[in-house]
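The block underneath contains the structure these notes are about, expressed in structure tokens.
No lab work stands behind these numbers, since they all come straight from the coordinates. Since the structure is predicted, the reported quantities are computational estimates derived from the model, not experimental observations. Ideal geometry is used to build each Cβ from the backbone, glycine not excepted, and the neighbour counts take in all protein chains shown.
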Amino acid sequence: MASEAATTPRFFVLEKGALGSRYDTEVETVDPVNVEDDAPRCPRCGGIIGLLTWLPPYRVELELYGEELGDFIRGTGYDRLISERFMEAFRAEGLTGLEGFHPVEVLRVRCKSKRPRQPLTVPRYYVVWPCFGRGAVDPVLNRVRTRKTPTCVECRSAGVDAIHGFVLEPGTWEGEDIFRPRGMQGDIVVSERFKDFVERHGLTNMVLTPTEQFVWDPANLGPAPLPTA
Ligand SMILES: [Zn+2]
């Protein structure tokens with residue numbers, strides 16, 4: 001008999017490695033920096049659901065605070081840089097949910113830490129954007145503090161103040177392997193298949209936390225109270 005755990009999809013929050021970790025790297029975009037005129041908007045209510053999208057030329061300088069450059073680097077907005085090996089494996093295995101894949105020109109790498117005296121390997125990087133997915137944060141079962149009750153059934157945007165674990169509403173996910181969920185577009189969520197992919201290829205500078213255990217609470221507000229029946 002299949003248990004519920006075996007049939008319910010599991011999801012993970014994707015973040016870059018921590019400050020001070022082996023692959024700690026910052027991105028600085030190089031002038032001219034062009035962005036789209038308008039931010040991504042909800043197709044239903046017109047509310048802003050993301051940051052301005054970066055446009056060409058894709059030129060950066062990297063500041064390496066760790067020891068080596070990883071396969072995943074957080075960009076300045078909603079953009080992320082991935083290494084060529086990440087991109088090739090992602091495409092070869094038919095994973096879904098990333099858009100972009102435009103080559104990024106790395107003009108310079110500034111080493112900000114003491115690292116071993118050996119040449120630094122600089123992978124080719126590509127800019128990607130995790131898609132806005134169909135999966136929606138469960139309005140009842142999450143422990144997320146929001147500024148207001150969401151009014152739009154599409155974007156469910158409410159302004160997140162604190163997260164103490166969340167789950168997706170059953171039936172809303174449509175199979176994307178990496179996406180920004182409705183109701184929490186500021187975070188990147190990935191499928192179990194994506195987690196397996198990262199581990200199998202040993203892709204670096206990615207931290208994956210089960211959504212139920214993910215905590216983000218800069219103002220120490222504590223978990224949202226669960227509704228009482
Ligand atoms: Zn909306």
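Count charges around V215 for me, please; just the other residues with Cβ under 14 Å from its Cβ, Lys/Arg as +1, Asp/Glu as -1.
Cβ neighbours under 14 Å give a net charge of -3.
In what sequence do D71, D31, D196 fall when counting other Cβ within 10 Å, fewest first? Write out the running numbers ahead of the final one.
Details: D71 22, D31 7, D196 11.
Starting with the residue having the fewest Cβ neighbours, the order is D31, D196, D71.
If the rule is a partner Cβ under 4.7 Å, which cysteines in the chain fail it?
So far as the 4.7 Å Cβ criterion goes, C111, C131 stand without a partner in the chain.
Using DSSP loop states and a limit of at most 11 other Cβ atoms within 10 Å to flag trypsin sites (Lys or Arg not before Pro), what is the longest stretch of the chain containing no flagged site?
149-229
In which sequence would M206, M184, M87 go, from the one with the fewest C-beta neighbours within 10 Å to the one with the most?
The order, fewest Cβ neighbours first, is M87, M206, M184.
Could you tell me which of V198, L141, C111 has its Cα farthest along the dipole of the range 111-229 towards the positive end, charges placed at Cβ (Lys, Arg +1; Asp, Glu -1), taken about the Cα centre?
C111
Could you tell me how many cubic angstrom of Cα convex hull volume the range 9-216 has per residue?
Hull volume over Cα atoms, normalised by residue count, gives 125 Å³.
Summing Lys, Arg as +1 and Asp, Glu as -1, what charge do residues with Cβ under 11 Å from the Cβ of F179 carry, F179 excluded?
Neighbourhood net charge equals -2.
If the chain between R22 and R134 were fully stretched, how many nm would it gain, using 0.36 nm times the residue separation less the Cα-Cα distance?
Extra length available between R22 and R134 comes to 36.9 nm.
Given the rule -39500 (n - 2.57) for each run of at least 4 DSSP H residues, summed and divided by the residues of the chain, what is its mean residue ellipticity at 222 nm, to the nearest 500 deg cm²/dmol?
It comes out at -2500 deg cm²/dmol, rounded to the nearest 500.
Taking each pair of distinct Cα atoms in the range 152-220 once, what is the resulting Kirkwood hydrodynamic radius in Å?
13.5 Å
Counting only DSSP beta bridges with both residues in the range 102-204, tell me the antiparallel percent, nearest 5. Can you show the working numbers first?
On the way: 9 of 12 bridges.
Here the share of antiparallel DSSP bridges comes out near 75 percent.
Relative contact order for the chain using alpha-carbon pairs under 8 Å, separation at least 6, rounded to a whole percent?
That works out to 24 percent.
Tally the DSSP beta bridges in the range 9-216 and give the antiparallel ones as a percent, rounded to 5.
Values: 37 of 46 bridges.
Counting only bridges with both partners in the range 9-216, antiparallel ones make up about 80 percent.
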